[in-house]
Amino acid sequence: MKYVMIIPDGAADYPIEALGQKTPIEVADTPNIDSLVKSGVLGRVKTIPRGFIPSSDVATLSLLGYDPKLYYSGRGPFEAANLGIDLKENDLALRCNLVTEMDGKLLDYSAGHISTKEAQALVKHIDDKLGTDKIKFFPGKSYRHIMVVRDGKNLNLDKLQYYAPHDIMGKDTSKHLPRGRNSEIIIDLMNKSKNILENHEINKVRVDLSENPANMIWLWGCGAKPVMPSFEEKFGLKGAVISAVDLIKGIGKTIGLEALEVEGANGYYDTNYQGKAQAALAALDEYDFAFVHVEATDEAGHNQDLRMKITCLERIDKMIVEIILKGLKDKEFRILITPDHPTPIAKRTHTDEPVPFLISGTGISSNGFSRYSEQVAQNSSLYFEKGIDLLNYFFKF
Ligand SMILES: [Zn+2]
């Protein structure tokens, strides 16, 4: 049996007045997804356990059957895994953003979506100036990098209160620095980075070109490497993750799934949808399980782009679901489609309500629904209060 999961990130939504109190999922023309509902089961799942901030990392752990309460300690270690950074038991990994600070306020969490080439030079420069035998900076992509603190767990640095830079846009940086015992270690690095970056040639050029300079580092998402059983140990299946998002790839690598590179997969509206479907089919030739994640629908929610949210759902139906179904039609397979969390247009951010899922394929008969939608799914008696139970159900069903 081949198993495929498709995750339209943030696709679930609330009824919208402009759509006649329908949701983007209900309005989108998705014949393949609807036919899967007709032949399969529709239900709801809560992917964000109580007490967690709704985010893709927490939700993805749930959907992959790993309890966030046991295994989630910040996004740093998962992104470090994606970069192939080896963390020892007492090491901590922090996400290190290149940001733009202006007049004491956080102007841009992404330093103008700085290019990877410029960013890598800046992060290397930061590492030359601030790196020690305990502290090391690793370049990633664009504004997203990693700092590792060797033996940082002994300094309590994973227990500090950190602020995500995208949540404090336009606010005073000084009021949102890390808090707690030994926080001065992290604050000192963030403050020192300002002088180091301000005068760098790359930033002088960026200012000349009216681009946001990367004039500060912002440290957050701190955690130690989680000790997790591999996916194969847990479920007896080998698999692959297909995503443009480093964090999702990093979660996959941490549990021993192969993270496939798809050319043109960019985490945005114009991502290479067909390429992802083909990568999933290629993965299923070799493995039992494929996890296909599409970020575009979440971006549309954050950008409050209603039309694009609908369009991206239609692209997922036509360019991913249809291709995968054609590719698997002579095989025994099951497919699970579910958003990780809602990113409602009205809220422009993630929420923690249950999301609608569908399961269809070999050995599964209909539970009586014909349309994929948040509202229709509320009528289903199939509900998983604990997100981690969904995958077991999918495999054992
Ligand atoms: Zn999001």
Test GLY327 against the criterion of being touching a Gly at 6+ places or on another chain (Cβ under 7 Å) and part of a helix (DSSP H, G or I), and give yes or no.
-> no
Search result, residues across the stretch 273-314 that are within 16 Å of the ligand (Cβ to nearest atom) and in a strand (DSSP E or B) | HIS293, VAL294
Hey, among GLU332, GLU353, which residue is open to solvent by 10 Å² or more (accessible area, probe 1.4 Å) and either within 16 Å of the ligand (Cβ to nearest atom) or without any contact (Cβ under 8 Å) to a residue 60 or more places away in the chain (or both)?
-> GLU353
Hey, does the stretch 53-64 have a residue that's more than 16 Å from the ligand (Cβ to nearest atom), out of contact with any Ser or Thr (no Cβ under 6 Å at 6 or more places or on another chain), open to solvent by less than 10 Å² (accessible area, probe 1.4 Å) and in a loop (DSSP other than H, G, I, E, B)?
-> yes
Evaluate the following for ILE323: is it more than 23 Å from the chain's Cα centre (by Cα), surrounded by fewer than 23 Cβ atoms within 10 Å (Cβ to Cβ) and more than 16 Å from the ligand (Cβ to nearest atom)?
-> yes
Please state which one of ARG348, ARG371 is open to solvent by 10 Å² or more (accessible area, probe 1.4 Å), away from the ligand (no atom under 16 Å from the Cβ) and in a loop (DSSP other than H, G, I, E, B).
-> ARG371
When the residues of the stretch 145-175 are filtered to those that are within 28 Å of GLU211 (Cβ to Cβ) and crowded, with 19+ Cβ neighbours inside 10 Å, which remaining residue is farthest from the chain's Cα centre (by Cα)?
-> THR173
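The values are calculated or read from the model by the stated rules, or taken from the named source; none is laboratory data. All of these numbers come straight from a predicted model, not from anything done at the bench. Ideal geometry is used to build each Cβ from the backbone, glycine not excepted, and the neighbour counts take in all protein chains shown. Ligands, DNA and RNA are stripped out before the accessible areas are found, and what is left, the full protein with its side chains, is counted by its heavy atoms. Shrake-Rupley method; radii C 1.70, N 1.55, O 1.52, S 1.80 Å.
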